[in-house]
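Working notes for the structure below.
The values are calculated or read from the model by the stated rules, or taken from the named source; none is laboratory data. Here the structure is a predicted model, which is why all the values come from computation and not from measurement. So basically every Cβ, Gly included, is an ideal-geometry build from the backbone, and we count neighbours across all protein chains shown. Just so you know, the surface numbers come from the protein's heavy atoms only, side chains and all, with ligands and any DNA or RNA stripped out. Shrake-Rupley method; radii C 1.70, N 1.55, O 1.52, S 1.80 Å.
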Amino acid sequence: MSKQFSHWETVVEIPLENNYKVTRYYSKKTQLKVSIIDIPTPIVNGYFVLGTEANDDYGCPHVLEHMIFLGSEEYPYKGIIDSLANRCLGRGTNAWTDVDHTAYTISTAGSEGFLNILPVFLDHILFPTLTEHGFKTEIHHIDEKGEDSGVVYNEMKGRENTSQSLTHQAICEMIFENTSFASETGGKVKELRSLKLETVKEFHEKYYRSSNLELIISGRIKPEEIFERLEKIENKIVTKLENDPEKKKKLESLERPFLTPVPKYLENKERNILFPEDDEESPGLVRLSQRIGKYNDFELLHSMKILWNYFKNSAISPLQRKLIQIEDPYCTQIYSSYLECSESASLVTFQGVPKKKLKLIKEKIFQVLKEELEQGIDLDRIRVLIKKSKLKYLKSFETSPHSLIGFELIGDFLFGDQENVEELKELFSRVEMYDRLIEKGQDYWNKLLNDKIVNEPYAFVIGEPSKERSVQDQELEKERLQKQREELGEEKLKELKLDLEKSIKINDVEVPKEVLLEFKIPDVNKIELIPITSQINEELNTNNLDQEMSKKLNDYLKLTKNNNGNTTLPIWSQFDHINSLFVTIRVIIDTTDLPPQYRKYLSLYKEISFKSPIVRNNKIIEQEQFIKELEKDTIDYSTQIGFYGNSNFVTGSFGQYLIFKVSGEISKYQLLINYLKEIIWQTFFTAEKLKIAAQNLVNDVARFKRNGWYVAFSSLKYNIYDQEKSNHVATNFMVQHKFLTDFLQQLNENKEETIQEFTKFRDLLVSNLKNFKIHVASNLFKIENPKLNWISNSFIPKKICDFDGQENNEKKKEQNFYPSSNNCVYSAHLLNPNYLKKSNKENNEKNELIEKKKNVVIGLGSVDSGFSAHGTNSISSYSDEYYPALMVAIEYLSSMNGFIWKRIRGQGLAYGAGILSRPEHGNLYFYLYRSGNPVLANKEALQIVENLINGKFEFDEDEIDSAKSSLFSSVIKKVETASEASFECLIDYFRNIPNFGKKLLNKIQKVNKEDMIYVLKKYLIQLFDNETNVVLIVNPLKVEETVKGLKEIGQETQQIESLEKFYLD
């Protein structure tokens, strides 16, 4: 280390998996800590973490998280940090607040931009402006109507009374009673209304100090470069303290947060929580929490994680088997999380509990746990789960290294022994820990179950839906607001309006151009991307400039021949060579050809695949045996409707495709292919399994009905897509509720015929190879004959294609093997013709009904704020010449510190707002998320677009460059790991553009102001005219005034009495 940086002391250097390394440094000058994670990715990531301990519900940690972004001493301009981040090949900044810390985050493409933004971000964190004007708009204010608003207020109002939040808070208040871990660090709305800025400043002074701050930085970046950029901020810290001896003495006397011991938890506690819900007969949820032990008892914590996985992770786990996989289930989902504080605790949530089972499920849970204790833990199975945990951990180094390593360091910073570097080394010795655990005998696991679960004191919360609470909350809020208006009076309300306008004006002062231009945008072409070499069918496709590697792979794949010398797969295939210890396989099936009467089976099929018996060698392999094999031989497996469409009721991207995905060790490659074959063609459907799956899906619908965001977008897509052909419609939660209820009745009345119909659906789905695609991503040179494993008697059934490599010529001709990318089906191809802009609007009954449902406001008792989804027809091809311009225009408007961000979120009208372009959908979307005033937010959005078109607002060339820079970061972030780069390479096929990301980067650079004005006029303005489709979800108390308010700004909407009314019509 050079003399200039001699005050930086190396605390510890730890080698990690994959040849990564983490080094922690300590500044003797300021007590600042810096941990640098050396990993070879194109993205440099930063987590800037402070321990923040609150002992009340005023939400100071969360309030500060927001106010930090409103300006600093050196840069006293609201949002400048995001504007500068965009110019540094970042996409704005972000932050989160947890019960024990606040973390500020920034990711940039390459290190140059990261180093430029680092001192600016730290000036915001340590020396923020914290003004009354900023507090008013960002945290809380009362508007001219006498209603409470503000970004944080809207966020917490939208969250506070949800079933998830109410039950989680209740658990924390019990399991960590009389400690800071029981506080609502986000802030409760009642307390937010009375919070004062001075309290926030005092909190900042206490916790936002360099001795309580760690910078966790990962990527390709040198320590000396970081220290050089920290020099100015360190000198500022030292100078300020020297000039204020009293403050220096005060700060030096402060202890590290969370040193107060957490009292022991000694007795069982239970609480019943009512949450607002329109349908109080819908399912609820329960939560179970128990203490585990000290933060640094890593082996105990991970033992408990494995033990809870043993009980709930698959259909053969004891709790799933006896609570979910039964005809009259106790719940629909079980998931576990962990409250990892100075004392850790488990938190197990049972979702979708039928109302009649809410008071019964606790006894059933403990009955299952005790029964397992009596018969003893299955040692073979728990060892399989330990090995799987180890493999998942190793795989995470490949798929998510920034967060995997970063989050471990956060925990150590907050609660670890800073004087004992061996503890940090132990934290990262998890592979060795798993190896120790796999040697543990049954006695160890039985004792753990007995001591830490069966006989450990618990906190138990029942979350019960209540129509009465929904009505009561609405009435109480109505009375409170009325009283508030009366107490304030008309003159005070007018004064508050003027005060708010003044604050907005002061907050939104323009950033001097010279300040922005000091930050030169780095050259995106210098960013080193991860190379991917692919073979698609028989052709090489590469983003790798290493031609020697490309030729080597091509030759290797060509060498894989069967006995007939054939290397041709009768299915479209893509093989990606990446640096990995694992293999990921996807089988992708186009569902578009399904007849309408079978399409609605897709959600049920997704739910039941990997959970049913299969036929192997003419014998039925029961579900339990098959799942045991899957647990043993795979790392993970899933069925998706659309890529990353993990929900049963919401499709992912390219939603007409069903995707079966498995991953595992390279040595298990052939086994993984066999499992896919059995899942796709050899599943054996039974009435029992179908009934269980269908009933669980029915019970799970309530969870989606309570979520305003899901309801808005799902209902919008229900409106705009083809009712018979689109998976967006077929998988819609309300459509599925009716379909599955009818299915269950049919199954009870005519079991055999119903099973035959479901089997026919499956056979239709998988009978045509032209609908299939295969994707393999791995270190292909470590797999012997990667293609031959598919050709030789392993994947395609004889009835579909002969196994000797000599395909039936007539069948081959009929099926058109190797379909071109032009045959990929987009949701855009399946828009409802009644909603196209130039559709025939003849006056018939169907179209009258469509018009009534086209622009709607729906009341939902489970929400306290507004959620809006607008949709209009737009670009439907990724090769459209104006797609790059549309992306830049949207980024210009929606990015952090863009027009929408400033004029909607910045004025406290909504927590979130933005525009999304989805060529695959054929649509452009505008959304509002947790809006306290959706009418005014809609009005602002329309005015922004209109003013840019008519020239009242001018496009700023430098801001256009910032928007482009932000997009560069977004494109590069999609390929920051080898697995992500491989996935993007696959999606490029569906986009019909090889190396799409690189080409898009070049096209974005060429976009000009005239292009952006063109797309504003052609596409964006249509989001706000009366031809667009709008679904707006608000609390029932707000429906009438929302419809009236929208009409006053020229937007005609219809009031819909209920969600059921909207769909049943």
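Points to keep in mind about this one:
- Gain on full stretching of the segment that runs from LYS370 to ASN554 - 0.36 nm per residue minus C-alpha separation: 60.5 nm
- For the set LYS388/LYS611; LYS606/LYS668; LYS269/LYS447; LYS157/LYS190; LYS478/LYS1061; LYS78/LYS201, the pairs lying more than 21 angstrom apart at their alpha carbons are LYS606/LYS668; LYS269/LYS447; LYS478/LYS1061.
- FRET efficiency for GLU224 and LYS28, using Cβ-Cβ distance with R0 set to 22 Å, rounded to 0.05: 0.85
- In the chain, a dipole from Cβ-located charges (positive for Lys and Arg, negative for Asp and Glu) runs towards its positive end, and of GLY146, SER580, ILE410 it is SER580 whose Cα lies farthest in that direction.
- GluC sites (Glu not before Pro) within the stretch 400-441, DSSP loop, no more than 16 other Cβ atoms inside 10 Å: GLU419, GLU439
- Estimated purely from DSSP H runs of n ≥ 4, each contributing -39500 (n - 2.57), the mean residue ellipticity at 222 nm for the chain is -14000 deg cm²/dmol once divided by its residues.
- Selection from ILE1056, HIS66, SER317, by position along the positive dipole direction of the chain (Cβ): SER317
- This model, with +1 at the C-beta of Lys and Arg and -1 at the C-beta of Asp and Glu, gives the chain a dipole about its Cα centre of some 2060 debye.
- Pairwise centroid distance, computed over Cα atoms, of the stretch 731-753 with the stretch 233-270, Å: 59 Å
- As a calculated quantity, the FRET efficiency between TYR335 and LYS467 at R0 = 30 Å, using C-beta atoms, amounts to about 0.65.
- Using the Cβ-Cβ distance between LEU764 and GLU191 with R0 = 60 Å, the FRET efficiency computed as 1/(1 + (r/R0)^6) comes to roughly 0.55.
- Cβ-defined net charge surrounding ALA687, 14 Å radius [Lys, Arg +1; Asp, Glu -1]: -3
- Stretching ASN55 away from GLN670 to a fully extended chain increases their span by 215.8 nm, per 0.36 nm per residue minus the current alpha-carbon distance.
- When the GluC sites (Glu not before Pro) in the stretch 183-284 are filtered for DSSP coil states and for at most 11 other beta-carbon atoms within 10 Å of their beta-carbon, the remaining sites are GLU255, GLU267, GLU281.
- Here the accessible area of the stretch 1-78 is 41 percent carbon and sulfur, with a 1.4 angstrom probe and all protein chains present.
- Counting charges near GLN535 (Lys, Arg +1; Asp, Glu -1) among other residues having Cβ under 13 Å from its Cβ returns a value of 0.
- For the chain, the fraction of alpha-carbon pairs lying more than 54 Å apart is 15 percent, rounded to a whole number.
- With N counted as the residues of the stretch 939-991, its alpha-carbon radius of gyration over 2.2 N^0.38 Å works out to 1.71.
- Cα centroid separation, the stretch 352-394 to the stretch 872-934 (Å): 44 Å
- A simple spin-label model places pseudo-atoms 7 Å from Cα toward Cβ; at GLU255 and ASP636 they are separated by 4.1 nm.
- Projecting the Cα positions of CYS172, ILE226, HIS204 onto the charge dipole of the stretch 138-230 (unit charges on Cβ atoms of Lys, Arg, Asp and Glu, taken about the Cα centre) puts ILE226 furthest along the positive direction.
- The trypsin sites (Lys or Arg not before Pro) of the stretch 1-107 that meet both conditions, a loop assignment by DSSP and at most 11 other Cβ atoms within 10 Å of the site Cβ, are LYS28.
- Between the stretch 589-662 and the stretch 401-443, the Cα center-to-center distance that results, in Å: 35 Å
- Modelled label positions at LYS483 and GLU784, each set 7 Å beyond Cα in the direction of Cβ, lie 7.9 nm from each other.
- Sum of side-chain charges, LEU1020 neighbourhood, beta-carbon under 13 Å (Lys, Arg +1; Asp, Glu -1): -2
- Estimated at 0.36 nm per residue, the fully extended path between LYS21 and LYS738 surpasses their Cα-Cα distance by 252.7 nm.
- In this simple spin-label model, placing a label point 7 Å from the Cα along the Cα-to-Cβ direction at both LYS3 and ARG436 gives a separation of 4.6 nm.
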